[in-house]
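Report on one structure; see the data block that follows.
Derivation of every value follows stated rules applied to the coordinates shown; laboratory data play no part. No experiment lies behind these values; they were computed from the predicted model shown. Ideal geometry is used to build each Cβ from the backbone, glycine not excepted, and the neighbour counts take in all protein chains shown.
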Amino acid sequence: MKEKVAIVTGGTGALGRHVVEKLCSEGFKVYVPTLTMDEFTKVFDRSDDDNVEIGIRKIFAFDCDAMNEASVVEFVNKVVVQEKGNLGYLVNTIGGIDTASNVGELTKVSLDKMLALNFFTTFYFTTHALRVMKQNNFGRIVSVGALAGIETSPGRFAYSVSKQAVINFMNTISEECKGSDIRCNTVIPGIIDTPANREWGSEEDIKKWVKPEQVAGAIYSLMTEVWSNSRGSIVKLLGSY
């Protein structure tokens, strides 16, 4: 493929925006699904910032509700049409965590919420992008997991099972596609140094957290030939917390 075209879900988020910037700096053309174009513009428009060197960044967006499969299908189809079938990369960063709840108090509503946000967003984008990648016999997919997906986490069953599903999903695709040039891997960050987390973390805590730029760098690396023999890998980025 002549140009590296990627979709980054959650691209306006605290981690996703760093992934977008990293891929752009490495020559990728990136498409970001966004609920509103105002949100996209707020994150990536630098035209009024005198302290930023203006350069060409190939970042584009279409409206999309990532928890609605029909909306995801429309988004992926727009990218495919725009790029004449050239879609080789997907990064799934959409996710979130609910309030802690022991199993005795856990409701189906909470479980459905975590599955919808953490797993089904990844499922929708991956399955529909994968169809294009299979036609091209090339694809690189990286999803963001969580420690709760590989370790028992009391009070976090809904979150845990949703992230566990993401990891298993990536591993399953890796096995199913091992005869082709399609690779799926999972990055598992510890606590990420984001503005929201800084609201509750102490100065000492923050020093131990992993930086979003580091996570973005690892995601990019997994998409390169440095990891050409890796499929179904789980890469932990835990800082020193």
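Note on region 135-158: residues that are among the charged types (D, E, K, R) and assigned to a loop (DSSP other than H, G, I, E, B) total 2.
Can you tell me which residue among L147, L117, L130 is surrounded by fewer than 22 Cβ atoms within 10 Å (Cβ to Cβ) and in contact with a Pro (Cβ under 9 Å, 6 or more places away or on another chain)?
On the way: L117 fails: in contact with a Pro (Cβ under 9 Å, 6 or more places away or on another chain); L130 fails: in contact with a Pro (Cβ under 9 Å, 6 or more places away or on another chain).
Selected residue: L147, the only one of L147, L117, L130 that is surrounded by fewer than 22 Cβ atoms within 10 Å (Cβ to Cβ) and in contact with a Pro (Cβ under 9 Å, 6 or more places away or on another chain).
For region 31-46, a residue qualifies if it is in contact with a strand residue (DSSP E or B) (Cβ under 8 Å, 6 or more places away or on another chain) and within 17 Å of E213 (Cα to Cα), and exactly one does: F44.
The residues of region 1-44 that are part of a loop (DSSP other than H, G, I, E, B), among the β-branched types (V, I, T) and crowded, with 20+ Cβ neighbours inside 10 Å amount to a single one, T12.
Okay, residues lined up against (1) within 28 Å of E21 (Cβ to Cβ); (2) buried (at least 16 other Cβ atoms within 10 Å of the Cβ):
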{"position": "Q82", "(1), (2)": "yes, no"}
{"position": "N86", "(1), (2)": "yes, yes"}
{"position": "E105", "(1), (2)": "no, no"}
{"position": "F125", "(1), (2)": "yes, yes"}
{"position": "R140", "(1), (2)": "yes, yes"}
{"position": "S162", "(1), (2)": "yes, yes"}
{"position": "S174", "(1), (2)": "yes, yes"}
{"position": "R183", "(1), (2)": "yes, yes"}
{"position": "I191", "(1), (2)": "yes, yes"}
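Evaluate the following for Y124: is it in contact (Cβ under 8 Å) with a residue 60 or more places away in the chain and out of contact with any strand residue (DSSP E or B) (no Cβ under 6 Å at 6 or more places or on another chain)? Spell out how you get there, then give the answer.
Values: in contact (Cβ under 8 Å) with a residue 60 or more places away in the chain: no; out of contact with any strand residue (DSSP E or B) (no Cβ under 6 Å at 6 or more places or on another chain): yes.
No.
Among residues of region 77-105 that are in a loop (DSSP other than H, G, I, E, B), those with a Cβ under 7 angstrom from a residue that is aromatic (F, W, Y) and surrounded by 12 or more Cβ atoms within 10 Å (Cβ to Cβ), sequence gap 6+ or separate chain, pair up as G88/F138; I97/Y159; D98/Y159.
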